[in-house]
Amino acid sequence: MLWAECGIQSLLLIERLTLVCFVFQGVTEVLCEACEQLGWKEPTKIQKEALPVGLEGRDIIGLAETGSGKTGAFAIPILQALLENPQRLFALVLTPTRELAFQISEQFEALGSSIGVKSAVIVGGIDMMSQSLALAKKPHIVIATPGRLIDHLENTKGFNLRAIKYLVMDEADRILNMDFETEVDKILKVIPRDRKTYLFSATMTKKVQKLQRVALKDPVKCAVSTKYQTVEKLQQYYVFIPSKFKDCYLVYILNELAGNSFIIFCSTCNNTQRTALLLRNLGFTAIPLHGQMNQHKRLGALNKFKAKNRSILLATDVASRGLDIPHVDVVINFDIPTHSKDYIHRVGRTARAGRSGKSVTFVTQYDVELFQRIEHLIGKKLPAFQTEEDEVMVLAERVTEAQRFARMQLRELGDKRKRPHEEVEDDSEQSLGIRNKVSGGRMRRKGR
Ligand SMILES: Nc1ncnc2c1ncn2[C@@H]1O[C@H](COP(=O)(O)OP(=O)(O)OP(=O)(O)O)[C@@H](O)[C@H]1O
Ligand SMILES: [Mg+2]
């Protein structure tokens, strides 16, 4: 009831001047009810910090750990402002990845369901025409990846963002990174300077120049953590292993932690696909998600994993930021991230919203320096994940066989891609059958 009582409580408690009475002040009843319906009993720390500032109409730089409810922290003040001054094309939210855009849209629609909020997702890999139609209906909130938004701003007749009141950059440090520089500059030129701006992330750029580009007006920094923190309930480990035995160790760890749900990060699309095939050949229910898959397959893969039809999601950094899948128990960095900040986001796919989780980072003879940088960034030394070398090596023969099949399957996929008229099965679900050829299927150690 705390959300709903916020206004009333603040009046009753005003004498005591508790922090609580002020932070709850101001969120309207209908939005409080929406929060309650989502099972949110009280605001999270970042929401307590950011909501009053947002409701006051100030710009925000919001910095808080992964899974701490930053989406709600920026969505609630926007929805409340929208309620007070209803207007179409009211807010623009920029995100670095397509899947995250869909997720943010779902959150806006869930929080705004009783007030009839309409949002449109404008991302690459999807037919422009259907998006143009969605934009023609003038949604309240546009959630977009920068490149596709530019396409529409330049080519879709009648669409502009000249009246928007709010700009949000979720994963702001990523959006303000060089990769998106041209697009973001173009977008900033065609939206009003007189607007509210929110930047949110679990890691923020310290470069003032980058922030100045966004033309924040006297922003309030709402920072729940002072340094780059990983979540308290996350148990983080590393394994130091020879590069050539990575696959064996992966299979060993998946067997050790059997029954859990995993996200495994790889550095390239090719290795993501290869590792998914390898694991499938050994009988694991694994599915890949990477940038070389078409958008339909990407969303399909994510949905299968979300629905628990697959227990292992193999992904590139396309899945490292923002995705909220509560049932993820373990994150494995099969390839170590080259940018240390990505580590924080990757491991943040587990242990969200107060839950616990595990992460294991593979460190080979080539990765020592990168690993030390990660430990330096998060300010702690990680313990080693205990492994039994003899037991790992028992797996070698079958893993080698599965690797051989995976290479063949990859070659077949490559050939199909060269013949574009044929439908390419990006996730190669049909190759499941091959596991019968790899003796034993899913591997368990003897005596288990
Ligand atoms: N007040 C609340 N009470 C309980 N759960 C909440 C509350 N606010 C948000 N959540 C839930 O917490 C989870 C994480 O929220 P969210 O995705 O916004 O985190 P985040 O801080 O943006 O993380 P990331 O840095 O990974 O993007 C979601 O499942 C969301 O529904
Ligand atoms: Mg987020």
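The values are calculated or read from the model by the stated rules, or taken from the named source; none is laboratory data. Source: prediction; values computed, not measured. Using ideal geometry, Cβ is built from the backbone for each residue, glycine included, and neighbour counts are taken over all protein chains shown.
Out of the strands (runs of 3 or more DSSP E) lying entirely within segment 48-122, which hold 1 or more residues that are more than 13 Å from ligand 1 (Cβ to nearest atom) and touching a Lys or Arg at 6+ places or on another chain (Cβ under 6 Å)?
Once the strands (runs of 3 or more DSSP E) in segment 48-122 are filtered for at least 1 residues that are more than 13 Å from ligand 1 (Cβ to nearest atom) and touching a Lys or Arg at 6+ places or on another chain (Cβ under 6 Å), what remains is 60-63, 119-122.
Residue-wise test of (1) within 16 Å of ligand 1 (Cβ to nearest atom); (2) buried (at least 24 other Cβ atoms within 10 Å of the Cβ); (3) not in a loop (DSSP other than H, G, I, E, B).
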position: Ala258; (1), (2), (3): no, no, no
position: Asn270; (1), (2), (3): no, no, yes
position: Ala276; (1), (2), (3): no, yes, yes
position: Gln292; (1), (2), (3): no, no, no
position: Gly300; (1), (2), (3): no, no, yes
position: Lys304; (1), (2), (3): no, no, yes
position: Pro326; (1), (2), (3): yes, no, no
position: Ile332; (1), (2), (3): no, yes, yes
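So Arg352 ticks every box in (1) assigned to a loop (DSSP other than H, G, I, E, B); (2) away from ligand 1 (no atom under 14 Å from the Cβ) but one. Which box is left unticked?
Going through (1) assigned to a loop (DSSP other than H, G, I, E, B); (2) away from ligand 1 (no atom under 14 Å from the Cβ) one by one, Arg352 breaks only (2).
Which pairs do you get when a residue that is under 9 Å from Ala351 (Cβ atoms), found in segment 229-250, comes within reach of a residue that is buried (at least 17 other Cβ atoms within 10 Å of the Cβ) and acidic (Asp, Glu), reach meaning Cβ atoms under 6 angstrom, with the pair 6+ apart or on two chains?
Val231/Glu65
Consider Ile336 carefully, then state whether it is crowded, with 21+ Cβ neighbours inside 10 Å, in the same structural domain as Leu382 (by the TED database), under 30 Å from Ala73 (Cα atoms) and away from ligand 2 (no atom under 16 Å from the Cβ).
For Ile336, the condition - crowded, with 21+ Cβ neighbours inside 10 Å, in the same structural domain as Leu382 (by the TED database), under 30 Å from Ala73 (Cα atoms) and away from ligand 2 (no atom under 16 Å from the Cβ) - is not met.
For segment 136-160, give me the residue count where each residue is surrounded by fewer than 20 Cβ atoms within 10 Å (Cβ to Cβ), touching a helix residue (DSSP H, G or I) at 6+ places or on another chain (Cβ under 9 Å) and either closer than 20 Å to Leu79 by Cβ or charged (D, E, K, R) (or both).
Result for segment 136-160: 3.
Out of all the residues in segment 278-290, which are under 24 Å from the mean Cα position of the chain (by Cα) and part of a helix (DSSP H, G or I)?
Leu279
List every residue pair whose Cβ atoms lie under 6 Å apart, where the two residues are 6 or more positions apart in sequence or sit on different chains, the first residue falls within segment 319-332 and is farther than 20 Å from Gly300 by Cβ and at pLDDT 95 or above, and the second residue, located anywhere, is in a loop (DSSP other than H, G, I, E, B) and within 11 Å of ligand 1 (Cβ to nearest atom).
Once the first residue is farther than 20 Å from Gly300 by Cβ and at pLDDT 95 or above and sits in segment 319-332, its partners that are in a loop (DSSP other than H, G, I, E, B) and within 11 Å of ligand 1 (Cβ to nearest atom) give Arg321/Glu171; Val331/Arg349; Val331/Thr350.
Out of curiosity, is Gln372 touching a helix residue (DSSP H, G or I) at 6+ places or on another chain (Cβ under 6 Å) and either part of a helix (DSSP H, G or I) or among the aliphatic types (A, V, I, L, M) (or both)?
no
Residues in segment 88-95: is at least one within 16 Å of ligand 2 (Cβ to nearest atom), in contact with a Ser or Thr (Cβ under 7 Å, 6 or more places away or on another chain) and modelled with pLDDT of 95 or more?
The answer is yes, given that some residue of segment 88-95 is within 16 Å of ligand 2 (Cβ to nearest atom), in contact with a Ser or Thr (Cβ under 7 Å, 6 or more places away or on another chain) and modelled with pLDDT of 95 or more.
Residues in segment 124-145: is at least one within 13 Å of ligand 1 (Cβ to nearest atom) and touching a residue at least 12 places away in the same chain (Cβ under 8 Å)?
No, that holds for no residue.
Please verify whether Gly39 is near ligand 1 (Cβ under 10 Å from one of its atoms), surrounded by fewer than 19 Cβ atoms within 10 Å (Cβ to Cβ) and not in a helix (DSSP H, G or I), treating the condition exactly as stated.
Spelling it out, Gly39 is indeed near ligand 1 (Cβ under 10 Å from one of its atoms), surrounded by fewer than 19 Cβ atoms within 10 Å (Cβ to Cβ) and not in a helix (DSSP H, G or I).
With respect to Leu410, is the statement that it is outside any helix (DSSP H, G or I), crowded, with 16+ Cβ neighbours inside 10 Å and modelled with pLDDT of 75 or more true?
Considered against the rule, which asks whether it is outside any helix (DSSP H, G or I), crowded, with 16+ Cβ neighbours inside 10 Å and modelled with pLDDT of 75 or more, Leu410 comes out as no.
Evaluate segment 173-191: report whether one residue or more is away from ligand 2 (no atom under 16 Å from the Cβ), in contact with a Leu (Cβ under 8 Å, 6 or more places away or on another chain), part of a loop (DSSP other than H, G, I, E, B) and modelled with pLDDT of 95 or more.
Taking every residue of segment 173-191 in turn, at least one turns out to be away from ligand 2 (no atom under 16 Å from the Cβ), in contact with a Leu (Cβ under 8 Å, 6 or more places away or on another chain), part of a loop (DSSP other than H, G, I, E, B) and modelled with pLDDT of 95 or more.
Restricting to segment 306-324, what's the tally of residues that are part of a loop (DSSP other than H, G, I, E, B) and in contact with a Gly (Cβ under 8 Å, 6 or more places away or on another chain)?
Residues in segment 306-324 being part of a loop (DSSP other than H, G, I, E, B) and in contact with a Gly (Cβ under 8 Å, 6 or more places away or on another chain): 2 in total.
Val184 - would you say it is assigned by the TED database to the domain that holds Leu51, within 16 Å of ligand 1 (Cβ to nearest atom) and buried (at least 18 other Cβ atoms within 10 Å of the Cβ)?
For Val184, the condition - assigned by the TED database to the domain that holds Leu51, within 16 Å of ligand 1 (Cβ to nearest atom) and buried (at least 18 other Cβ atoms within 10 Å of the Cβ) - is not met.
Would you mention how many residues in segment 357-376 are surrounded by fewer than 24 Cβ atoms within 10 Å (Cβ to Cβ) and either farther than 22 Å from Leu250 by Cβ or out of contact with any strand residue (DSSP E or B) (no Cβ under 7 Å at 6 or more places or on another chain) (or both)?
Qualifying residue count for the region: 11.
Consider Leu282 carefully, then state whether it is within 13 Å of ligand 1 (Cβ to nearest atom) and either in the same structural domain as Thr203 (by the TED database) or in contact with a Lys or Arg (Cβ under 7 Å, 6 or more places away or on another chain) (or both).
no
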